[in-house]
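Each remark here refers to the structure printed beneath this line.
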Amino acid sequence: MQLESTRILFSYWNNLRGARSAPERRNVDPTKIRSALSNTFILEADQGRDFSFRLAGSHLCSAYCRELKGRAFMGLWQLRDRDAVSTLIKAVTEDHAAALITFEGTSSSNKKVSFETVLLPLRHNGASNNRILGGLSAKDEPYWFGTQPILEQRITGLRLIWPDDLVGEDGFGENPHHMQRDVVFGESSAAASVPVKVHGVDGRRYAHLSVIDGGRN
């Protein structure tokens, strides 16, 4: 995690959850993340388990030059990346992993800016599959930021951090598995999945990350 707002949100979430895999939505106190609040959002699942923005900070709305509340989160992504994002959302809601995505956004005048976003599981009314706490930040804010909407975004890197990998107050420790869970797509790589067999079970592969639907069990 490169950006301060991402680290602030992640650290707050990690401390709030304590020994649990995910904290309760009702326990989230916006005043505790005041410096990252404009970069913070909450996603809500509808009956079809598609996620939309329930809350979205001003930084996010500025990036897209529109109010995001009620808009579909998946609608921000290109078709080629939606399967990868959907897989990460499943890991967050079903396995309580933290997901980190880096992507390049392209403005209406074809200008580029890099972003970092994190997706964190939340419990709501006893369930952990209908709310996600997230943060999104631009690595730089060029002069045109907030006046030219981001119209396209392309994934440049993915990372999953499982609950048993979270060590210490900031969520990182001397765990060699962190690097093994990184997935980085280069300029010529595709984020689309490739069907594979993993120990005889049908799965999907993104770069060197193999995903079996149904969780880690």
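Read-outs throughout are calculated quantities, based only on the coordinates presented, and are distinct from any laboratory measurement. Note that this is a predicted model, so its numbers are computed, not measured. Because the Cβ atoms are built from the backbone with ideal geometry, glycine has one as well, and the counts that use them run over all protein chains shown.
Of note:
- Per-residue Cβ neighbour counts within 10 Å put 162, 144 in the sequence 144, 162, beginning with the fewest.
- Overall dimensions of region 1-96 as given by Cα atoms, namely Rg and Dmax in Å: 14.0, 39
- About the Cα centre, charge dipole magnitude for region 4-188 (Lys/Arg +1, Asp/Glu -1 at Cβ), debye: 560
- In order along region 116-128, phi translates into HN-Hα couplings of 10, 9, 10, 10, 10, x, 10, 9, 8, 6, x, 10, 10 Hz, rounded to whole numbers, per the Karplus curve 6.51 cos²θ - 1.76 cosθ + 1.60 with θ = phi - 60° and x for Gly and Pro.
- Once Rg and the Kirkwood radius are both taken over the C-alpha atoms of region 4-188, their ratio Rg/Rh works out to 0.94.
- Shape index of region 54-149: Rg/Rh, with Rg the Cα radius of gyration and Rh the Kirkwood radius from the inverse mean 1/r over Cα pairs, equals 0.98.
- The modelled label-to-label distance for the pair residue 47/residue 125, using points 7 Å beyond Cα in the direction of Cβ, is 1.3 nm.
- Value of Rg to Rh for region 1-56, rounded to two decimals, is 0.99; Kirkwood radius and Rg both from alpha-carbon coordinates.
- Taking amide H positions as modeled 1.01 Å from N, with prolines and chain starts lacking one, the residues under 5 Å from residue 152 and 5 or more places away or on another chain are 106.
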